[in-house]
Structures are given as structure tokens and as C-alpha cells.
Amino acid sequence: MRQPCKSLKEALVFGRNLHHCAEYAATKPVRLYGLIVLCWKEGSKGIMASSQSLFLLLGVALCAVVLIQLALWAAQSLSMLAHNRRQFDLSRKLMLQQIDSIIEKRVVLSDSVAQDVVDSVHKQKNSVSEDGSWSGYRSFTVARVAKETDSVTSLYLVPEDGKPIADFRPGQHLTLRLRVPGRAKPVIRCYSLSSGSTSDSANGIGDPCYRISVKALVTQSSSTDTAPASVYHGLASTFINQSICAGDRIEVKAPAGQFWLDEDSPVPVVLLAGGIGITPMISMLERIQATGAQRSAVLFYGVTNSREHAFENHLRSIAAVMQNVHVITCYSRPLPSDVPNEQFQAHGFVSIDLLKQVLPNNHYQFYMCGPPPFMESLYQGLVDWQVPESRINYEAFGPASIGTKNTEEASAVASGNAQVDPVSFVRSGKTVLWTAEENSLLELAEANGIFPESGCRAGSCGSCETGLVSGEVTYAPGHKPDCGPSKCLLCIASPNGPVELEL
Ligand SMILES: Cc1cc2nc3c(=O)[nH]c(=O)nc-3n(C[C@H](O)[C@H](O)[C@H](O)COP(=O)(O)OP(=O)(O)OC[C@H]3O[C@@H](n4cnc5c(N)ncnc54)[C@H](O)[C@@H]3O)c2cc1C
Ligand code: FES
């Protein structure tokens, strides 16, 4: 039988075991009562002794609770602030987009105040700096239309506001926004500047102007009953070649582009032009002529025959006055009336063999522009001729371009593209999978019923620029757009892992 507890400690140790406690209480109720009284007395003494530290503890606990509440409140406020900021940014962006789309679509607003707001935003966006540069689109008037050949038309463009126009680097292009009848949306296309400077008094314009030269995309119908008729394929090129007249208005973005003649370099240049790819080369040659540079320049120009030979007399006159400029024209299918050694120097295509025959060595800076087969064969030929890639500059007039400028870069892009990554179009509420079959995010969007703004489809006009909400994109070889990491050019981008696009 256990003895009754003699001290509080003993009672507590004993009391911890409930089994013993119950057993003790059942047999010795009086002693249990004594134990409870003892516990109460000892406990009261302990409480009195430690009351001070208890209050201290209570104070500390209270402070801790208050501090935790404060911290929670601060965190909540911060997160609300961040949320509000995001909402504000998004609303601002959406509002600007709405204004842009109103400007784009020329929506007639019933509210004249709203129209004033739109006009003032339009004006602010298009304000012209002292040096003639501007951002966004600016209104130009067609001062003159000139036929270079049956299928190439030049437009001379002067600013409607009469203010100065920005200078440009020879080889750069303009982006045009055209209102083509029957098209709900404006048509955006890029055209290289086809003159070396903005002063074109020789052409009777007087005022500073830009010149572009546009080739119509024509094929001959092959009907057996009637004489072959010309069939025009291109939207913008047909409109420019057939409908635009002097006095018409066109919206134009400032000169831009990465393909330009390095005027500071003394290295001699070789210009390789195929068909309408002659336009940036005219600009480069004219600039060399205008600055009186003694830099040696050889132009190889490939066209079908005299019917397609744009700027024939102009090029001949440049070569006649500039000892350092040589022009070699190749006709692939000369007409019986075409005069060898006068109108053309070689029969056939511009080829690497021809370059090797004419040039003493490969120590040149090469610039090329032409149709895809022309570019692909010459690019490969130059690489095989040990021309460093850093000395080969090129511009493609459409989506098809040289396979790669750098093999490693191309294979990295190719392997990135092979992954099946989810692509989310946030505003449209669609998530689809990227497959290697798509050439670009623009094609992926269009294949899924989303039609973003687009123009050149070659990374040149900037019209497909879209917000990149999350993730990363990879660009086609040779392209490094300067739109920053939070935006991307859909027409030349593929996803590098899962991406979310603002669209
Ligand atoms: C940086 C840059 C500079 C450029 N500079 C010049 C320049 O100086 N001069 C110039 O002329 N061009 C230039 N271009 C090309 C120009 O921007 C346009 O792409 C070109 O004028 C064709 O546009 P489009 O609207 O007429 O053709 P689209 O209507 O866009 O047609 C595009 C393609 O589809 C084909 N196509 C369309 N409809 C049909 C059909 N029914 N049947 C068969 N094929 C069809 C066309 O043949 C064409 O190949 C440049 C492009 C870039 C990116
Ligand atoms: S469509 Fe012109 S940059 Fe993409």
C-alpha cells in the first residue's frame, strides 16, 4: 500500500499518474482530501512567489501579439499596394491600347471631347524633334510617282507638316501604313530607302524627301486562247504600283533597320543585289558618291533582262563619274534586243564563281539583298570562300531568309523549338501547345484564331510587338530586336519554355 504524500513535489509526481491517483482516491478518500488541501496551499505559495514573473510573461506575450498583428497588417497593406499598382499599370496599358486601336481604325466618335483626347494623344505620339526624327506614324504626301520599269514604281514622300525629316543610314528602310480600299485594317509594309539622302532637288521636289521603290509581284497568265495577261499577287505592291497618285497621303514610321553601310570603315565593299534587292544598294552607292569617299565599291546586280533592269541609266551615270565604283549587271534571260557589255556584262545569275573572276581577293565587306535562292547560294559561297561571317551583311525582304548566320546559334534555336511548350494568350484566354511545325509565335497565334497586328513578318516593322507576361523567347538567327525583355516580336520568335503573351 502506498503512503500518503508528504510534500507538494511528491503529490505532483504521484498525481501525474492518474491510474495511481484514482486507485488512491478510491481507498483513502480522507487522505486524498488532505493531499488536495496540501496541493492548494503549496500551489498558492508558488503562485504568490512567481506572480511578478507571471505579469512580466503576460506583458511579453501581449507585446508579441500586438507586434504580430502589426506585421500582418503591414504585409497585407504592401500586398494590396502591389496589387493596385499592377491593376493601375494594366488599366493604363489597356487604355493606351484602346486609344491606339481607335486611332488605327479611325473610329468616328460621337463624343467630340473623346475625339479631342484621341487627337492630342496622336499628336503627342507623333511629335517631331528638331532633327526631324519622330516616333510612331507621321503623315507624308506623295510628291511624285516615277516608273522605273514596267513593274517598279518609285514614290517621293514629303512630310505633310512641312517640318524637317530625319537623316538615315544608307540601307535602312521605312515602314508604311497604307489604307488599301476594301481592307478593313491598314496594311503595313517595309520599303528600303532607294536614295542616298533626303535632299532630292534633282528630281524637282525641292523639299527634303524620302524615296522608296516598289516592285509589283506580277506573273503572266498562261491562257491558250488569249494573249498572256499580267496577274498581280501582292496587296501593297499592287496598290502602290497601280493606284497611288501624287498628292495621296501615306503614314510613315521613321527610318530604321540594322542593314546599313558602315560609312566609317575604309574596307572596300561588294554589293550583291538580286532584283528589287537593288534598292538599299542604290542608297549605299549614292551615299559613297555624295560624300566623295574614295572607298572602292563593286556592285553585282542580277536581273532577268532589260525589262526588269531598274535604275539602269542612273547606275551607269554613277559608275561613269566615280572611278572607284564598278557595276556588273547579270541578265539571266536577256532579250534578243539586249546589248551585251553595254546593258549587261554577264549572262546568267550572280554567282560566287563570277565574284572570284572579277575580284582580286575576298578582302571586302559584303552587303547582299535579294530573293531567297540568291541569298542562300551566295551566302554559302562566301562562307566556303573563307569570308568571315562578320563581313557578310544581308537583308531579306520577307520571311524566307538565309538558313543561318551561325550554325551553333541555329541548332540551339532548332532544339529549343522542338520542345512542346505551352503558350498562353492571356487576353484571349487560350493556352495552346507549341510544336516544331510552327515557324513563329505569330503563326501559332493565327493558327489558333488569334490575329495580332502584323506587317513585314520578317522582324523589321515592329507591328507584331507584344507584351511578354512571363517566360522567354528565342529569335530566328541573325535577329536581335531591341524591344526589351518584357516584349517580343511574334513573327520571328519561338518559345524557350512555357510562355505567357499579353494577346
Ligand atoms: C526590310 C524590308 C525592306 C523591303 N524593301 C523593299 C523594297 O525596297 N522594294 C520592294 O518592292 N519590296 C521591299 N520589301 C518587301 C515589301 O515589304 C513587301 O513584302 C512586298 O512589297 C510584298 O508585299 P505585298 O503586300 O505586295 O504582298 P503580299 O500580299 O503580302 O504577298 C506576300 C507574298 O505572297 C504571295 N502571294 C500573295 N497573293 C498570292 C496569290 N494569290 N498567289 C500566289 N502568291 C501570292 C506574293 O507573291 C508574295 O510573295 C521589303 C521588305 C522588308 C522586310
Ligand atoms: S510583322 Fe513586322 S516585325 Fe513582326
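The values are calculated or read from the model by the stated rules, or taken from the named source; none is laboratory data. Since the structure is predicted, the reported quantities are computational estimates derived from the model, not experimental observations. Backbone-built Cβ (ideal geometry, glycine too); neighbour counts: all protein chains shown.
Look at (1) buried (at least 22 other Cβ atoms within 10 Å of the Cβ); (2) within 9 Å of ligand 1 (Cβ to nearest atom) and you find that Pro170 fails only one, number (2). Which members of segment 381-401 meet the condition of being at pLDDT below 65 and buried (at least 19 other Cβ atoms within 10 Å of the Cβ)? Matches in segment 381-401: Ser401 only.
Where helices (runs of 4 or more DSSP H) fall entirely within segment 293-386, those with at least 3 residues that are more than 27 Å from Ile212 (Cα to Cα) are at 352-358, 372-384. Applying the criterion of being touching a helix residue (DSSP H, G or I) at 6+ places or on another chain (Cβ under 6 Å) and within 16 Å of ligand 1 (Cβ to nearest atom) to the residues of segment 418-444, the residue that is modelled with the highest pLDDT is Leu442. Restricted to segment 466-480, and to residues there that are in contact with a strand residue (DSSP E or B) (Cβ under 7 Å, 6 or more places away or on another chain) and buried (at least 18 other Cβ atoms within 10 Å of the Cβ), the residue that is farthest from Trp434 (Cα to Cα) is Thr466. For segment 195-212, the set of residues classified as within 13 Å of ligand 1 (Cβ to nearest atom) and more than 24 Å from the chain's Cα centre (by Cα) consists of Ser195, Tyr210, Arg211, listed by residue number.
The residues on offer are Ala273, Ala236, and the sole one that is in contact (Cβ under 8 Å) with a residue 12 or more places away in the chain, outside the structural domain of Leu174 (by TED's automatic domain parsing) and of a type in the set (A, V, I, L, M) is Ala273. Taking the conditions (1) within 16 Å of ligand 2 (Cβ to nearest atom); (2) crowded, with 18+ Cβ neighbours inside 10 Å; (3) not basic (Lys, Arg) in turn, Val423 satisfies each one other than (1).
Is it the case, given these coordinates, that Val469 is farther than 26 Å from Ala184 by Cβ, part of a strand (DSSP E or B) and away from ligand 2 (no atom under 15 Å from the Cβ)? The answer is yes for Val469. Could you check, for segment 462-469, whether at least one of its residues is within 16 Å of ligand 1 (Cβ to nearest atom) and without any contact (Cβ under 8 Å) to a residue 60 or more places away in the chain? Yes, some residue in segment 462-469 is within 16 Å of ligand 1 (Cβ to nearest atom) and without any contact (Cβ under 8 Å) to a residue 60 or more places away in the chain.
Considering only residues in segment 445-459 that are surrounded by fewer than 19 Cβ atoms within 10 Å (Cβ to Cβ) and outside any loop (DSSP other than H, G, I, E, B), the one that is nearest to ligand 1 (Cβ to nearest atom) turns out to be Glu446. Within segment 355-378, the residues that satisfy the criterion of being within 20 Å of Gly277 (Cα to Cα) and surrounded by fewer than 18 Cβ atoms within 10 Å (Cβ to Cβ) are Pro371, Pro372, Pro373, Glu376, Ser377.
Among the conditions (1) modelled with pLDDT under 60; (2) within 20 Å of the chain's Cα centre (by Cα); (3) of a type in the set (Gly, Ala, Ser), the only one that Ala447 does not satisfy is (1). Listed by first and then second residue, the pairs linking a residue in segment 282-294 that is at pLDDT 95 or above to a residue that is part of a helix (DSSP H, G or I), with Cβ atoms under 6 Å apart and 6 or more places separating them unless they lie on different chains, are Leu285/Ile318. Among the residues of segment 406-414, is any in a loop (DSSP other than H, G, I, E, B), more than 16 Å from ligand 2 (Cβ to nearest atom), at pLDDT below 90 and within 10 Å of Ser494 (Cα to Cα)? Checked against the condition, which is being in a loop (DSSP other than H, G, I, E, B), more than 16 Å from ligand 2 (Cβ to nearest atom), at pLDDT below 90 and within 10 Å of Ser494 (Cα to Cα), segment 406-414 yields no hits at all.
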